[in-house]
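**Q** Have a look at the structure that comes next, please.
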Amino acid sequence: MIAPGVKPLRLLVVEDDPNLNNQLVEALKDAGYAVDSARDGEEGHFLGDTEPYDAVVLDIGLPKMDGLSVLEQWRKDGRKMPVLLLTARDRWSDKVAGIDAGADDYVAKPFHMEEVLARLRALVRRSAGHASNEIECGPVRLDTKAGRVTVHGTLVKLTSHELRLISYLMHHIGRVVSRTELVEHLYDQDFDRDSNTIEVFVGRVRRKLGVDIIQTIRGLGYTVGMTSDAG
Ligand code: CA
């Protein structure tokens, strides 16, 4: 069952306030994302450095290592995932420092969850090179805002994992995506990952879509939107 407004990909939340952290994680999970979370800068930095996230929500004021240092270190190390900073209200200096440190956007506290969700959707879309809410590949259309997939205009019912799969491939149209990369982006840390299950998911998504837009590139992975005779 998928809630409306699904944005299926993998995110990291770094926020030390336990309530706010929980609220963010729950809201993002409800919205269909796979979510990991950290409560201090060191743990957040480590996760962002070692796991592939599609976007990060990063608080500035954090214990052990502040958010700006975390961000600067990631950028120095070549980590390019979009980062949405959480700043204190009216601290314009934080916002300037944040942008300088490599943030892609910010939201001032206190914020409405809907604004965080909307900004994250836009960041993920832009980082994948898509300016609008909708991504098309042949007869298949992905509405990233509503989290819906249609084929020839007809809605296709997908589970959240299936939706993440097709969404990840469509966000990276024309590129070959390996099974390992898919596993890393479809599941959160706690999930028992097995790259063999990807094949099962791909098979299911193909059947549900009823059109052959996912190509298997033998030995490499999967792609959509590329003409290929690799089958
Ligand atoms: Ca804080």
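The values are calculated or read from the model by the stated rules, or taken from the named source; none is laboratory data. None of the values given here were measured: they were computed from a predicted structure. A quick note on method: Cβ atoms are made from the backbone with ideal geometry, for glycine too, and the neighbour counts reach across all protein chains shown.
**Q** Could you check ASN22 against (1) farther than 21 Å from ASP104 by Cβ; (2) in a loop (DSSP other than H, G, I, E, B) and say which number it fails?
**A** The single condition ASN22 does not satisfy is (2).
**Q** Cβ contacts < 8 Å: first residue among the basic types (Lys, Arg), restricted to segment 85-100; second residue exposed (fewer than 11 other Cβ atoms within 10 Å of the Cβ), any location; separation 6+ or different chain. Result?
**A** ARG89/PRO110
**Q** Pick from segment 14-44 the residues that are of a type in the set (A, V, I, L, M) and either outside the structural domain of ASP59 (by TED's automatic domain parsing) or within 10 Å of the ligand (Cβ to nearest atom) (or both): which of them is surrounded by the fewest Cβ atoms within 10 Å (Cβ to Cβ)?
**A** Applying the filter and picking the extreme gives LEU20.
**Q** Restricting to segment 14-44, what's the tally of residues that are of a type in the set (Ser, Thr, Tyr) and at pLDDT below 95?
**A** Residues meeting the conditions: 1.
Matching residues to (1) among the β-branched types (Val, Ile, Thr); (2) within 16 Å of the ligand (Cβ to nearest atom); (3) under 18 Å from the mean Cα position of the chain (by Cα); (4) within 21 Å of LEU12 (Cβ to Cβ):
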site	(1), (2), (3), (4)
LEU62	no, yes, no, yes
LYS80	no, no, yes, yes
ALA108	no, yes, no, yes
PHE111	no, yes, no, yes
VAL116	yes, yes, yes, yes
LEU120	no, no, yes, yes
CYS137	no, no, no, no
VAL140	yes, no, no, no
LYS145	no, no, yes, no
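**Q** Tell me, which residue of segment 89-102 that is among the small types (Gly, Ala, Ser) and either touching a strand residue (DSSP E or B) at 6+ places or on another chain (Cβ under 7 Å) or modelled with pLDDT of 85 or more (or both) is surrounded by the most Cβ atoms within 10 Å (Cβ to Cβ)?
**A** GLY98
**Q** Would a scan of segment 48-60 turn up a residue that is within 12 Å of the ligand (Cβ to nearest atom) and part of a loop (DSSP other than H, G, I, E, B)?
**A** Yes, segment 48-60 has at least one match.
**Q** Does segment 139-192 hold any residues that are over 20 Å from GLY210 (Cα atoms) and among the charged types (D, E, K, R), and which are they?
**A** Within segment 139-192, LYS145, ARG175, ARG179, GLU181, GLU184, ASP188, ASP190, ASP192 qualify.
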